[in-house]
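**Student:** Dumping the structure here so I can ask a few things about it.
The values are calculated or read from the model by the stated rules, or taken from the named source; none is laboratory data. Just so you know, these numbers come straight off a predicted model, no measurement behind them. Methodologically, a virtual Cβ is constructed for each residue, glycine included, from the backbone with ideal geometry; neighbour enumeration extends over all protein chains shown. The accessibility values were calculated without ligands, DNA or RNA, using every heavy atom of the protein model including side chains. Shrake-Rupley method; radii C 1.70, N 1.55, O 1.52, S 1.80 Å.
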Amino acid sequence: MINMPRANHWDIFCSVVDNYGDIGVTWRLAKQMANEYHIPVNLWVDDLASFSHILPTLDPLKTAQSFNGVNIIHWIKPLPIEFVAGEVLIEAFACELPEQVKELLVHLHQNDPKSVPIWLNLEYLSAEDWVEGCHGLPSLQANGLKKYFYFPGFGAKTGGLICEQDLFAERDTWQADTANKLQLFSQLGLKGIEAQDTVISIFSYETEALPALCELWQQSAEKIHALIPKGRSLNSLTHLLPCDIAALVPGQQVKHGNLTLHILPMTNQQSFDRLLWSCDINIVRGEDSFMRAQWAAKPFIWHIYPQEDDYHMVKLEAFLKIYCDNLAPEIAENWSKLNFAFNQAQQSAVNLHWQNLNLVSLPLLQHVKQWPINAINAADLATRLVQFVKNS
Ligand code: TRH
């Protein structure tokens with residue numbers, strides 16, 4: 001490997017563990033660094049097939065391609081393109097960097113320490129208190145190099161939350177005109193949705209909470225539309241489907257009483273955001289769709305990614321505590337119980353708290369609108385990251 005002078009680009013390495021969250025977060029960050037900070041970014045991804053679900057124009061067979069100003073490179077062994085150290089090197093979610101890259105870092109460290117990129121591990125998001133104490137800590141590696149822990153978070157002393165600078169303004173413009181949502185539903189091939197109908201997007205993991213809610217929705221006095229992409233939520237609803245999940249096609253609809261299930265196509269992240277902006281309530285999961293549901297300024301249920309020993313319930317509780325801080329106590333209590341019941345698949349509790357939820361309650365609607373402004377807490381993740389790099 002050649003020892004090149006340090007360039008000003010950033011490298012982000014992403015290993016897709018499962019689902020779309022790892023690539024979803026790194027793709028958002030890469031786009032924002034390129035678009036708002038004009039930083040050349042290489043995004044190295046080990047699973048382009050998964051990536052193509054959330055970036056349908058990506059060609060999973062290509063070694064290198066460029067979208068939204070980001071170079072997307074297939075991370076295979078050995079690397080298909082020579083790795084040249086840039087200004088920053090981000091390993092996402094503790095993915096193990098390729099040996100080739102680590103060897104180059106050691107070589108640079110021994111010969112010209114100033115040319116070693118700032119090396120960060122981007123951690124998972126959590127609202128827990130300890131995050132502020134750990135964010136930004138360096139860790140000395142066996143090879144003598146220093147790696148920093150970068151923790152996203154809600155507090156002022158954390159690494160912040162991913163949010164594009166114009167996002168809230170774009171969302172407000174979108175939501176100001178009902179025609180936008182109706183046009184989007186039609187573009188997505190979803191038929192029969194009228195402006196006054198209740199529309200719910202569902203992007204969860206498997207859970208028995210879903211069949212319980214669907215039973216309730218079937219008996220609703222008003223029309224309810226549940227928009228669901230092919231994937232894990234449908235595994236819990238097979239009894240309502242006319243065929244195997246594999247045979248379902250986007251745009252297909254199934255009616256049960258006043259509930260219509262619509263099969264959603266998977267779209268790119270921008271369309272996914274718009275979908276969240278357009279629904280009355282969103283059921284989301286993981287890390288990225290969870291944040292985007294907050295940015296949508298709509299009520300949501302968070303189906304948190306399950307962890308060993310139910311640790312995810314600790315994370316859920318930490319989030320609900322901060323989210324409910326400024327919310328009217330009776331709404332906060334019901335909303336928290338709804339989220340707990342959903343995550344614990346308690347069918348009667350989930351139905352009870354859903355029935356107690358008033359989707360058009362003014363204090364709730366004011367809260368969902370104000371929360372994103374408070375949560376950004378003066379600076380988004382990209383802004384804080386750039387500052388962190390400057391200070392390091
Ligand atoms: O897909 P997720 O469940 O992902 C993850 C991973 O499992 C990860 O290992 C885990 O640690 C993490 O969750 C907590 O959920 P998430 O984070 O919401 O990611 C989904 C991404 O898919 C998000 O970027 C939005 C995107 N998406 C689209 O772009 N288009 C779509 O149509 C849909 C449905 C999603």
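**Student:** Report, in cubic angstrom per residue, the convex hull volume of the C-alpha atoms of the range 167-376.
**Tutor:** Hull volume over Cα atoms, normalised by residue count, gives 120 Å³.
**Student:** Moving on to the next point. Over the C-alpha atoms of the range 120-232, what are the Rg and the largest Cα-to-Cα span, Dmax, in Å?
**Tutor:** Answer for the range 120-232, Rg first and Dmax second: 21.4, 66 Å.
**Student:** While we're here: May I ask you to compute the full-extension gain from Asp309 to Gln196, defined as 0.36 nm times their residue separation minus their alpha-carbon distance, rounded to one decimal in nm? Intermediate results must be reported in sequence, preceding the final value.
**Tutor:** Working: separation 113, 0.36 × 113 = 40.68 nm, distance 4.25 nm.
Using 0.36 nm per residue and subtracting the Cα-Cα distance, I get 36.4 nm.
**Student:** Could you state the number of Å between the C-alpha centres of the range 345-384 and the range 239-316?
**Tutor:** Taking the Cα centre of each part, the range 239-316 and the range 345-384 sit 15 Å apart.
**Student:** Let me check I have the definition right: for the range 303-367, take the eigenvalues of the Cα gyration tensor, multiply each by 5, take square roots. What are those semi-axes in whole Å, largest first?
**Tutor:** Those come to 22, 15, 8 Å.
**Student:** Could you provide, to the nearest whole Å², the per residue accessible area of the chain with probe 1.4 Å?
**Tutor:** 44
**Student:** Name the residues of the range 150-164 whose amide N is less than 11 Å from a point 7 angstrom out from the Cα of Ile322 along the C-beta direction?
**Tutor:** The answer is 152-161.
**Student:** Which value at 222 nm does the chain reach when only helices count, each DSSP H run of 4 or more adding -39,500 (n - 2.57), with the total divided by all residues and rounded to the nearest 500 deg cm²/dmol?
**Tutor:** Working: 14 runs with 151 residues, N = 392.
Using -39500 (n - 2.57) per qualifying helix, the result is -11500 deg cm²/dmol.
**Student:** By how many nm would the segment from Lys114 to Ser348 grow when fully extended, if each residue of separation counts as 0.36 nm and the alpha-carbon distance is taken off?
**Tutor:** Taking 0.36 nm per residue and subtracting the Cα distance, the gain is 78.2 nm.
**Student:** What Rg and what Dmax come out for the chain when only alpha-carbon atoms are used, in angstroms?
**Tutor:** Cα radius of gyration and Dmax of the chain are 21.9, 73 Å respectively.
**Student:** Check cross-link reach from Lys255 to the lysines: straight Cα distance under 16 Å, and skip same-chain residues fewer than eight apart.
**Tutor:** The qualifying lysines are Lys191, Lys223.
**Student:** Nearest-5 percent of antiparallel DSSP beta bridges in the chain?
**Tutor:** Approximately 20 percent, going by the DSSP bridge assignments.
**Student:** Using the beta-carbon distance between Ile373 and Trp174 and R0 = 25 Å, what value does 1/(1 + (r/R0)^6) give for FRET efficiency, to the nearest 0.05?
**Tutor:** Calculated value: 0.90.
**Student:** Can I ask one more? Which angle from 0 to 90°, rounded to the nearest 10, does the C-alpha axis of helix 99-111 make with the longest principal axis of the chain?
**Tutor:** Approximately 40 degrees, to the nearest 10.
**Student:** While we're looking at this one, here's another question. Are there trypsin sites (Lys or Arg not before Pro) in the range 1-95 that DSSP marks as loop and that have at most 14 other Cβ atoms within 10 Å, and which are they?
**Tutor:** Passing sites in the range 1-95 are Lys62.
**Student:** Output the peptides 294-300, 135-141 sorted from most to least packed, where packing is the average of other Cβ atoms within 10 Å over each peptide's residues. Please list the in-between numbers first.
**Tutor:** On the way: 294-300: 22.7, 135-141: 13.7.
Top of the packing list down: 294-300, 135-141.
**Student:** For the range 11-160, with only Lys/Arg (+1) and Asp/Glu (-1) charged at the beta-carbon, what is the dipole magnitude about the Cα centre, in debye rounded to 20? Can you show the working numbers first?
**Tutor:** On the way: 9 positive and 18 negative charges, 56 e Å.
My answer is approximately 260 debye.
**Student:** Report the FRET efficiency, 1/(1 + (r/R0)^6), for His239 and Glu330, where r is their Cβ-Cβ distance and R0 is 45 Å, rounded to 0.05.
**Tutor:** 0.85
**Student:** Give the peptides 236-249, 357-370, 112-125 in descending order of average Cβ contacts within 10 Å, highest first.
**Tutor:** Working: 236-249: 12.4, 357-370: 14.8, 112-125: 18.5.
By packing density, highest mean first, the sequence is 112-125, 357-370, 236-249.
**Student:** Also, I was wondering about something else. Holding the Cα-Cα limit at 26 Å, pick out from Lys337/Lys369; Lys315/Lys337; Lys147/Lys390; Lys31/Lys390; Lys62/Lys298; Lys157/Lys181 the pairs that are longer than that.
**Tutor:** Over 26 Å Cα-Cα: Lys62/Lys298; Lys157/Lys181.
**Student:** Another question, if that's okay. In degrees from 0 to 90, rounded to the nearest 10, what is the angle of the helix 329-343 Cα long axis to the longest principal axis of the chain?
**Tutor:** 80
**Student:** Quantify, in whole percent, the carbon and sulfur part of the accessible surface of the chain (1.4 Å probe; protein heavy atoms only).
**Tutor:** Ligands and nucleic acids excluded, carbon and sulfur reach 52 percent.
**Student:** How much length, in nm to one decimal, is gained on full extension between Ala246 and Glu206, taken as 0.36 nm per residue of separation minus their Cα-Cα distance?
**Tutor:** 12.8 nm
**Student:** So, R0 is 22 Å and r is the distance between the beta-carbons of Gln270 and Tyr37; what FRET efficiency does that work out to, to 0.05?
**Tutor:** It comes to 0.70.
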